[in-house]
Amino acid sequence: MKIIMQFLFVFYFFIYSNFVWAQGLSIASWNIERLGHGSNKNYESLGIVGSHFDFIAIQEAMTVQGLELLKNALEQATRSSWDMMYSHPIGRGSYKEKYAFIWREESVAYESGAVVYLDRYDLYAREPYSARFIDLTTGEPFVAATVHIVFGRSVGDRTPEINELAEYWSWLHETYDDTPVLLLGDFNLPPTHAAWQPLLDRGAIPLITQGATTLSSIDGRYANLYDNVFIDESNTIGVSSSGILRFPELLGWTHEQARAYVSDHAPVFVLTHGAGLHLIEEVSITPQPSPGEKRVLREGPIIGNRNSMIAHRPDCPSYDAVAERNRVPFSTLSEALESGFRLAENCP
């Protein structure tokens, strides 16, 4: 009888807690272009893409409603409960965005220390956001910090913030003592640029060094390696692999469709302790806005009017009305907004 009871205990322990045996997390960083505002998102597809991960650091969240819709889409796609937290609107002038963290409740829990960095010298257009979490599969803590580096008019506008990340890196280690740190974000600069040297000298290393993360308008082609994840060179967090999730191929969409209804950035991710990406069944989603949203899909760059400092997407009514001599082209709306332009009010 005793042997039978021991067998049953082991059997039920395995059945009801086998998720503990699959240790490690899939952690992502994703610039979801103007989430909740300024573009008509297909939230079902956002949920499908995000369902591959346990934890996501998000840049360019514009509204709480957009984040709530994303959370609902993730729960629909995964049939699991998700939780999230987000910063207040951050930015200079009229352009502001939120940072957010969103995670599977079965895999991750918030512990403490959520804070927007106090930028003493006002070097950041959008100060970084960080918090400490617990990996429930291992019981180990980790710190996630996220930032969206200013794009500006040239690379020279970006390098002061990149240089300052070395001080921020030291601050993170002092603030969250003895806790592994991940710095995730859209850095608007490839990891090979010389401006990264101060951060590298502090013992940080980039995990994404091959490929590119921004979607060009040509299917299968990616333009820039701007998104990344940095960890300590000692790898105390146990990263086992990393990569880029090329979601247009996953959804079976063209790049124009993906840029219009999801994002112009692909998420980057790291896997810890030998974990893998969460796999889902093959999906088929029609590339169109979520219910209640309308958008005419046209090709073309963002056009800014240098006189009015107003930017127009290809689907805006006044897109073709901007005089040729006044046109300033941008690859993304974010670039236009960060260069001082504002979106035309008559855009859908």
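Can you name every residue in segment 213-239 that is over 19 Å from Thr146 (Cα atoms) and of a type in the set (A, V, I, L, M, F, W, C)? Of everything in segment 213-239, those that are over 19 Å from Thr146 (Cα atoms) and of a type in the set (A, V, I, L, M, F, W, C) turn out to be Leu215, Ile218, Ala223.
Taking residues in segment 170-196 that are within 18 Å of Val229 (Cβ to Cβ) and among the polar types (S, T, N, Q), and partners anywhere that are at pLDDT below 95 and surrounded by fewer than 17 Cβ atoms within 10 Å (Cβ to Cβ), the pairs with Cβ atoms closer than 9 Å and at least 6 places apart or on different chains are Asn188/Val155.
Considering the conditions (1) touching a strand residue (DSSP E or B) at 6+ places or on another chain (Cβ under 8 Å); (2) more than 30 Å from Pro160 (Cα to Cα); (3) not aromatic (Phe, Trp, Tyr), Val116 is excluded by exactly one of them, (2).
Please verify whether segment 141-155 includes one or more residues that are in the same structural domain as Val268 (by TED's automatic domain parsing), surrounded by 15 or more Cβ atoms within 10 Å (Cβ to Cβ) and over 22 Å from Glu97 (Cα atoms). Among the residues of segment 141-155, at least one is in the same structural domain as Val268 (by TED's automatic domain parsing), surrounded by 15 or more Cβ atoms within 10 Å (Cβ to Cβ) and over 22 Å from Glu97 (Cα atoms), which makes the answer yes. Screening Ser217 against (1) touching a Phe, Trp or Tyr at 6+ places or on another chain (Cβ under 9 Å); (2) touching a residue at least 40 places away in the same chain (Cβ under 8 Å); (3) surrounded by fewer than 17 Cβ atoms within 10 Å (Cβ to Cβ) leaves a single unmet condition, (1). Among the numbered conditions (1) out of contact with any Leu (no Cβ under 7 Å at 6 or more places or on another chain); (2) farther than 20 Å from Val143 by Cα, the only one that Asp227 does not meet is (2). Taken together, Val296, Val283 contain a single residue that is β-branched (Val, Ile, Thr), in contact with an Asp or Glu (Cβ under 7 Å, 6 or more places away or on another chain), modelled with pLDDT under 85 and outside the structural domain of Gly93 (by TED's automatic domain parsing), which is Val296. The residues in segment 233-252 that are buried (at least 18 other Cβ atoms within 10 Å of the Cβ) and touching a residue at least 40 places away in the same chain (Cβ under 8 Å) can be counted, and the count is 5. For segment 111-127, indicate whether the set of residues that are assigned to a strand (DSSP E or B) and aromatic (Phe, Trp, Tyr) is non-empty. No, segment 111-127 contains no residue that is assigned to a strand (DSSP E or B) and aromatic (Phe, Trp, Tyr).
Kindly indicate the residue of segment 92-106 that is among the charged types (D, E, K, R) and in a loop (DSSP other than H, G, I, E, B) and also nearest to Gln65 (Cα to Cα) among those meeting that condition. Result: Lys96.
The values are calculated or read from the model by the stated rules, or taken from the named source; none is laboratory data. Nothing here was measured: the structure is a model prediction, and the numbers come from that model. Quick reminder, even Gly has a Cβ in these numbers, built from the backbone with ideal geometry, and neighbours come from all protein chains shown.
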